[in-house]
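Chemist: First the structure, which I've put down as structure tokens, then a few questions once you've had a look.
The values are calculated or read from the model by the stated rules, or taken from the named source; none is laboratory data. The shown structure was predicted, so the numbers you read here are calculated from the model rather than taken from an experiment. Please note: Cβ atoms are built from the backbone with ideal geometry, for glycine as well, and neighbour counts cover all protein chains shown.
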Amino acid sequence: MQYSVRIAAIDRTARSGAVLHLLQMFAIAGGGALGALSRFWVSNGVYGLFGRDFPWGTLVVNVLGSFAMGFLFVLLLERSMMSPELRAALLVGFLGSFTTFSTFSLETLTLMQQGEMSRALLNIAVSVLVCLLACWIGLVAGRAL
């Protein structure tokens, strides 16, 4: 009898873990959808303002995403202010699809292929330095709360 009770308890724990894992996956998928849409809206809005002769939209998205990653890292992981599902939705899902390093790479290579080496190098330097700075500011801001 004790053996079957233990197995039932282990089975309930396993099912509970599977349900939580499934909820986390749905949270990531939902966050990813919202992040992708936000990336589209923000980058197109920026391109509408400044034009497409420099990858301003991607740069703005990456800077905002880097700041948000630093800030939310402090609030969600260092301070554990939200559930694991919400943390996954925001950090993995939303920010994972919002930030656009792959697009940054392609746009930089395109500038190089077009002979715009100075613009390509400027994009590399500004993107890396400003995103690192934005992430650090996000960490500082999160810790200051």
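Chemist: Quick test for you: out of GLY57, GLY32, pick the one residue that is in contact with a Ser or Thr (Cβ under 6 Å, 6 or more places away or on another chain) and more than 25 Å from ALA125 (Cα to Cα).
Modeler: The unique qualifying residue is GLY32.
Chemist: Cβ-Cβ under 8 Å, sequence separation 6+ or interchain: first residue in the range 101-113 and more than 11 Å from LEU59 (Cβ to Cβ) and without any contact (Cβ under 8 Å) to a residue 12 or more places away in the chain, partner polar (S, T, N, Q) and assigned to a helix (DSSP H, G or I). Which pairs?
Modeler: Hits for this filter: zero, empty list.
Chemist: What are the residue pairs meeting all of these: first residue in the range 17-41, first residue within 9 Å of PHE94 (Cβ to Cβ), second residue of a type in the set (D, E, K, R) and part of a helix (DSSP H, G or I), Cβ atoms under 8 Å, and 6 or more apart or on different chains?
Modeler: none
Chemist: So, one more: Out of (1) at pLDDT below 95; (2) over 21 Å from VAL130 (Cα atoms); (3) surrounded by fewer than 20 Cβ atoms within 10 Å (Cβ to Cβ); (4) within 15 Å of the chain's Cα centre (by Cα), the odd one out for PHE101 is which?
Modeler: So PHE101 meets the others, but not (2).
Table: residues versus (1) surrounded by 13 or more Cβ atoms within 10 Å (Cβ to Cβ); (2) of a type outside the set (S, T, N, Q).
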site: GLY31; (1), (2): yes, yes
site: SER38; (1), (2): yes, no
site: VAL42; (1), (2): yes, yes
site: GLY48; (1), (2): no, yes
site: PHE54; (1), (2): yes, yes
site: GLY57; (1), (2): yes, yes
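Chemist: Does MET82 satisfy the condition of being in a helix (DSSP H, G or I) and either of a type outside the set (Gly, Ala, Ser) or touching a residue at least 12 places away in the same chain (Cβ under 8 Å) (or both)? Spell out how you get there, then give the answer.
Modeler: On the way: in a helix (DSSP H, G or I): no; either of a type outside the set (Gly, Ala, Ser) or touching a residue at least 12 places away in the same chain (Cβ under 8 Å) (or both): yes.
No; evaluated as a whole, the condition is false for this residue.
Chemist: Could you check GLU85 against (1) among the acidic types (Asp, Glu); (2) farther than 25 Å from LEU145 by Cβ; (3) buried (at least 17 other Cβ atoms within 10 Å of the Cβ) and say which number it fails?
Modeler: Every condition holds for GLU85 apart from (2).
Chemist: Among the candidates VAL46, VAL74, single out the residue that is under 23 Å from VAL126 (Cα atoms), of a type in the set (A, V, I, L, M) and assigned to a helix (DSSP H, G or I).
Modeler: Result: VAL46 is the single residue among VAL46, VAL74 that is under 23 Å from VAL126 (Cα atoms), of a type in the set (A, V, I, L, M) and assigned to a helix (DSSP H, G or I).
Chemist: List every residue pair whose Cβ atoms lie under 6 Å apart, where the two residues are 6 or more positions apart in sequence or sit on different chains, the first residue falls within the range 57-75 and is within 19 Å of THR108 (Cα to Cα), and the second residue, located anywhere, is among the basic types (Lys, Arg) and buried (at least 18 other Cβ atoms within 10 Å of the Cβ).
Modeler: Listed by first residue and then by second, the contacts come to VAL61/ARG39.
Chemist: Kindly indicate which of LEU49, LEU37, LEU77, LEU64 is of a type in the set (A, V, I, L, M, F, W, C) and within 11 Å of the chain's Cα centre (by Cα).
Modeler: LEU64 is the lone residue from the list that is of a type in the set (A, V, I, L, M, F, W, C) and within 11 Å of the chain's Cα centre (by Cα).
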